[in-house]
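The block underneath contains the structure these notes are about, expressed in structure tokens.
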Amino acid sequence: MNTKSFYPLLVVGGGIGGLTTALALARKGFPVHLIEREAEFGEIGAGIQLAPNASKVLDRLGVLAEISKYVVYPEGIVWMDAVSGKHITTLDLGENFVKNYRYRYFVMHRSDLLTCLLQACQQNPLITLETSRPVVRVEDLGDAARVTCANGEIYETEALVAADGLHSVVRAQLIDDSAPVCSEFVAYRGAIPIEEISNHAGLNNVFYWVGPDMHLVQYPVRRGELYNQVAVFKSKRYRPGSDDWGTVDELEEKFSQACEGVRTGLVKIKRNRRWPLFDRLPADNWTRNRVTLIGDAAHPMLQYIAQGACQALEDAMCLADKMEEFGGDIPKTFAAYQAERFPRTARVQTSARQFGEIAHIDGMGLILRNAYFAGRVSDDFTYTDWLYGY
């Protein structure tokens, strides 16, 4: 028998973006009900990088101190040539960086971040949480919205916030039913015990080993107990609608040209799952009446500037600020939230694509890139001020 419930504010999706949204709204005094499709709250993947623009949000939400118990503060972000093994450039994350942005850059395990956010939500009396609620139907009622789950549960709400990710059901049914764009790149990732790392690994930095249509990212997580590695490459076998591409054989073939340090690190990369990389072109609308999107549901982006989760955190805080500003007037809140966030997220989306092109360039472009960055000083924040200083 179907049951129907009403909640003034309903969040769909219990990942980092959804939990942050619920927490941000509740901290402003608004009661929130959140539903998650899976039986338990959890994050797939290992490491996550959080820049000062994200740290600021976590501080405003009162969870930064708890999260800090699980993080690693790298000394720098170091670009290395994956083929020659030579240093390209470094972004110093030390004293001048903190002075400039007021917050530190840190890395951590995704599950640790989600756990901290989940516990903060569970401790807030204005937040209620439900799991095992996969959404199968969404209806725009004009002055309300209705959500139907696979188990027959029906929720009606005055404000629906969809944080249900790249393949958002809410987006597909109410906003835009086009498919995300496949970049033809694929990632293999995982964290290993810190004692298993090679002599080539750097314990105090985020390392980007960049090469033609490939890169390897390495950094420690969970207080330095684990070492996160992500190997990314472009598949030559990609075909739309096919799942027979980005294979382990391609991984080995693509990285065979890499230097010894990269090849040694690749030995420890988990091969039991691959992640095809998708994004979308910026969309100038992700709101319909009493429904809006945040995070990857609204503006999925490639991982190359490590801003996917950071932008979801910014979204959540902006939405809560607008809700407070407009006294809970949903149409005004959603319109103002989208108007403020669209220019910012569109720039981050397109910048992520451009950054990937720079990282994966070959031939004369690679030579010019390396030569250009060779003259850059490590505490030059020209390229990051617009992003981290938001």
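The numbers here are math on the coordinates, done by the rules we state, and not lab data. Fair warning: this is a prediction, and the values are worked out from it, not measured in the lab. Positions of Cβ are generated from backbone atoms using ideal geometry, with glycine treated the same way; all protein chains shown enter the neighbour counts.
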Task: Fewest-first sequence of C310, C318 by Cβ atoms within 10 Å of each Cβ - done: C318, C310
Open item on the list: Could you tell me the center-to-center distance, by alpha carbons, between segment 340-356 and segment 5-25 in angstrom?
Closed with: 24 Å
Task: Förster radius 22 Å - calculated FRET efficiency between I44 and N151, Cβ distance, rounded to 0.05 - done: 0.45
TODO: Using Cα centres only, tell me the gap between segment 183-233 and segment 311-336 in whole Å.
DONE: 36 Å
TODO: Kindly work out what percent of the DSSP beta bridges joining two residues of the chain are antiparallel, to the nearest 5.
DONE: 65 percent
- [ ] Run the quick spin-label model on S84 and V181: label points 7 Å from Cα toward the beta carbon, then report their separation in nm to one decimal.
- [x] 3.1 nm
TODO: Using Cα pairs closer than 8 Å and at least 6 residues apart in sequence, work out the relative contact order for the chain, in percent.
DONE: 23 percent
Task: Likely footprinting exposure, E314, E324, fewest C-beta neighbours within 10 Å first - done: E324, E314
TODO: Only one of the values (i) 61, 48, 38; (ii) 65, 45, 45; (iii) 230, 61, 50 was calculated from this structure for Cα extents along the principal axes in Å; name its label.
DONE: (i)
Open item on the list: With θ taken as phi - 60° and the coefficients 6.51, -1.76 and 1.60, list the Karplus ³J(HN,Hα) couplings across segment 269-284 in order, rounded to whole Hz; mark glycine and proline as x.
Closed with: 5, 5, 10, 7, 8, 10, 10, x, 9, 10, 8, 9, 5, x, 9, 7
Open item on the list: Placing unit charges on C-beta atoms (Lys and Arg positive, Asp and Glu negative, everything else neutral), compute the dipole magnitude of the chain about its Cα centre in debye, rounded to 20.
Closed with: 200 debye
TODO: Between D143 and R60, take the C-beta separation as r, use R0 = 45 Å, and let me know the FRET efficiency to the nearest 0.05.
DONE: 0.90
TODO: Once you have the Cα-Cα distance between E340 and E95, take 0.36 nm times their residue separation minus that, and quote the gain in nm to one decimal.
DONE: 85.1 nm
Task: Net charge dipole size for segment 192-333 [Lys, Arg +1 and Asp, Glu -1 on Cβ; Debye, nearest 20] - done: 340 debye
Task: Given charges at Cβ of Lys, Arg, Asp, Glu: segment 213-289 dipole, positive-most of M214, L226, N289 - done: N289
- [ ] Would you mind checking the pairs K28/K56; K4/K332; K69/K268; K86/K254 and listing those with alpha carbons more than 21 angstrom apart?
- [x] K4/K332; K69/K268
Task: Extended-chain gain in nm, criterion 0.36 nm per residue less alpha-carbon gap, Q122 and V377 - done: 87.3 nm
TODO: For n ≥ 4 DSSP H runs only, could you compute -39500 (n - 2.57) per run for the chain, divide by its residues and tell me the 222 nm figure to the nearest 500?
DONE: -9500 deg cm²/dmol
- [ ] Pull up all non-local amide H partners of S5: gap of 5 or more, or a different chain, and H-to-H distance under 5 Å with H placed in the peptide plane.
- [x] I154, Y155, E156
Task: Helix runs (DSSP H) in the chain reaching 15 Å along axis by Cα, Kyte-Doolittle at least 0.5 - done: 16-27, 363-374
